1. Quick one: which residues, 5 or more positions from Phe637 or on another chain, have an amide H under 5 Å from its amide H? H modelled 1.01 Å from N in the peptide plane, none for Pro or chain starts.
2. Zone of Lys272 (label point 7 Å along Cα→Cβ, backbone N under 18 Å): which residues in the stretch 204-245?
3. How do 576-582, 441-447 rank on mean C-beta neighbours within 10 Å, highest first?
4. If each DSSP helix of 4+ residues adds -39,500 (n - 2.57) and the sum is divided by the residues in the chain, what number results at 222 nm, nearest 500 deg cm²/dmol?
5. For the stretch 214-301, run through the chymotrypsin sites (Phe, Trp or Tyr not before Pro) and keep only the ones in DSSP coil with at most 13 other Cβ atoms within 10 Å of their Cβ.
6. How high is the FRET efficiency between Gln72 and Asp747 when r is their beta carbon distance and R₀ equals 45 Å, given to the nearest 0.05?
7. Sorting check: for 235-244, 369-378, 503-512, 312-321, which peptide has the highest mean count of neighbouring beta carbons within 10 Å, and how do the rest follow?
8. Through the Karplus equation 6.51 cos²θ - 1.76 cosθ + 1.60, θ set to phi - 60°, convert the phi angles of the stretch 633-638 into ³J(HN,Hα) values in whole Hz; use x for Gly and Pro.
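Throughout, read-outs are computed from the coordinates displayed, never taken from laboratory work. Just so we're clear, the structure is a prediction, and the values are computed from it rather than from any experiment. Glycine also receives a Cβ, built like all others from the backbone with ideal geometry; neighbour counts cover every protein chain displayed.
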Amino acid sequence: MKSATKDKTPAAFPPNPGSEALAAEILEVLKYRVGKDTTVATPYDWLTASIKAVRDRIIDHWISATKEAYEQQEKRVYYLSLEFLIGRLMRDAFSNFGLMNTVREALASLGVDFDVIAALEPDAALGNGGLGRLAACFMESMATVDIPAHGYGIRYANGMFRQEIQDGWQVELPETWLDHGNSWEFERRERAFEVGFGGSVESVTDKEGRLERHIWKPGERVLAVAYDTPVVGWRANRVNTLRLWSGMPVDPILLDKFNAGDHIGALAESNKADALSRVLYPADSHMAGQELRLRQEYFFSSASLQDILQRHLSQYGELESLPDKAAIHLNDTHPAIAVPELMRLLMDVHGMDFDRAWSITGRTFGYTNHTLLPEALESWPVPLFERLLPRHMQLVYAINAQVLLEARATGRFNDEQIARISLIQENGDRRVRMGNLAFVGSHSINGVSALHTDLMKKTVFADLHSLYPGRINNKTNGITPRRWLFQCNAGLTALAREAIGDRFLDDIEAIRDLDGFAGDAAFREKFAAVKRANKVRLAELVARRLGIRIDPSALFDIQIKRIHEYKRQLLNILEAVALYDQIRSHPERDWAPRVKLFGGKAAPSYHNAKLIIKLANDVARVINGDPAVRGLLKVVFVPNYNVSGAEVMMPGADLSEQISTAGMEASGTGNMKFALNGALTIGTLDGANVEIRERVGDDNIFIFGLKANEVAERRSGGYQPRAVIEGSPELSQALSAISSGVFSPGDPDRYRDLVSGLYDSDWFMVAADFDAYAAAQRTVDDVWRDPHDWNARAIRNVARVGWFSSDRTIREYAKDIWNVPA
Ligand code: 26Q
């Protein structure tokens, strides 16, 4: 038996071959695998050769990790997610192998600049935002803390769209990240599974006419083909697998149709299969309900479960032990269809009865909820569900019958409560509630911050929580310090090593030792120099991409995240407009120079979000072009915010904007990245901000605005935004400037509806929080004017947020949910 906690392996990288040997390896790959000679190699060829050289080194570790898990009969974790927002992998892999400097030298000796070729690696943007990036951080942390884990998802040919700003408007362009091939992945043609859709269900009876089992005869079938990407943990402790499925036709060309002259029809199946892994749905907070989305969900859930069962069966020969050897985790409800799919496989394919299958299912699955927004909660119309997945519909009904029986048996629930527990929503059109399905099919349901988990218990899952008390638990999100400190902020990492030694490299919470240096003037100087260098790097990016000059000595105030009304970019823009007005009216005052940077994508169908982007750009144009501002305020919208952009923007920030309407941001993870890189937070008591404040202390964060319970009270107590606006001269002025066309002279009505929405309803409490926000910003200015004070607070932020490491989060999942050693 292995002990519950893993032996700590010594903190050392794998042997370093030295730059000469590595250079020889790269040349070998360039010649024999890329087929190029140094004289004709393009930068892309060098990139490919460098990736393949490090990939070769990964393979031994990969194979041995897989072998060990098998031989030791270790329990495996399967993380099912429709999104993995991994970004670039080369720096990650080299850095976790401890080969960063070696490869730099090796390439330099060949006349190649590492940074130049690193910039050519496309971002793997197989995710929208927080949820997808969390999955990527978790994969890296699971490898780091030595958990045998597989990620399962879809190999989208087109990931998150590329955002261009044309005339201030967002324009979406396809992201073709696979254009130059993908040197990281291994295609596994032999790992292919059939996935069915539609058709009908037959019942098979035995000789006595008793129902024996159901057989689903799908009307369509596609193949899911596996592509594996190795995931390297810190110090290459372990290498895990991210397995992404691609859709392929069972019959590439239907020859009979082709021969009958129906050339288009012959390709129909091929196109349908292709569509499954064609594109990531770019909406992160709205459930659109397209059939293709449900198909994608089932496609990857089914393929993953078939793969998992096949692996388990080949190792153990039976399925009763599945919950002891496999923990399957559902990243939100997107893979919730896996619950009835596992039931179907256990019952219809492997002959189990309902009760056994249900027991195994519940002990195998865990589910994480990432949102409480009603419009983001997944539910599917029963007719669509039934047509696409007839057998699963039957199983959902059977599961529902069982759950409602249990609920009624307690005698504690009235009809209304029973209706809320039901997997089927009955008012209006009948829909399958995926959240309820994931809940009842799992032994653990977790939220992603303390506040969010608390609200889950009180709101969406109140009745299910009462029926199954103890199932809901909290796992506050985290971020990997390898990517979000060591790689993206080499300067701060080096400074910390110089000050406190290397312990924090293996245990990020040890970065707390920096706390004492907040009072050390010499250290503060060095810290400020690092921050300054990171701001220069960011200013160069802005100059290169936008031709806008920003001054690195100004306060860099950054809001980067998906554009959504609840995240309140509008509040930030309104404050910029109000500040602009103040600077013009009071030129004599001692204004602290500020650059407000924005970045983020709007879902293509989200009208107001796109309008907010346009507003940010309109406001930027006017403010940046007004000589009366004398450079005291600049506004910049950085296009196409993505993981690689974040890696430059996080380290270059002084101020982190985390200003969502309290109760609406489940956790946030950008908030953690900023703080770890030495930005101070201005924010509401929402999501993980609450816990960040607890750790950094009230003096080192700027908290303002309504709390979650106050938002709820205001909403139910006849909130009148018009009166609030009229009571705030600054806000009134800013709104009338916007609605009178100051920022849209050619189209003065452009923002009419956006502004009137604030007067008439203001669901997101922008008006209610405006004055408190503006006042908090003036406090920020006051602290900023004293660089010693500011830097001391920034240092304390770095020192005190090590707890928000995804290693800590993953260890909690391992202990409380998955029951695996870590
Ligand atoms: C659902 C159905 C149909 C189509 C799309 C979707 C969909 C896709 C993505 C719904 C939601 C998402 C993404 C949600 C998300 O990113 N949530 C964020 O998760 C982070 C990690 O837990 C939190 O930190 C953020 O607070 C939360 O907003």
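1. It is Phe598, by chain and number.
2. Taking a point 7 Å out along Cα→Cβ of Lys272, the residues of the stretch 204-245 whose backbone N falls under 18 Å are 216-225.
3. On the way: 576-582: 21.4, 441-447: 23.3.
Highest mean packing first, the order is 441-447, 576-582.
4. Values: 33 runs with 377 residues, N = 822.
Mean residue ellipticity at 222 nm (helix-derived): -14000 deg cm²/dmol.
5. Working: sites: Trp216, Tyr227, Trp234, Trp245, Phe258, Tyr298, Phe299, Phe300; in loops: none.
Counting only loop positions with at most 13 other Cβ atoms within 10 Å, none of the chymotrypsin sites (Phe, Trp or Tyr not before Pro) in the stretch 214-301 qualifies.
6. On the way: r = 66 Å, r/R0 = 1.47.
Using R0 = 45 Å, I get an efficiency of 0.10.
7. Listed from highest to lowest mean packing, they are 235-244, 503-512, 369-378, 312-321.
8. 9, 10, 10, 9, 9, 8
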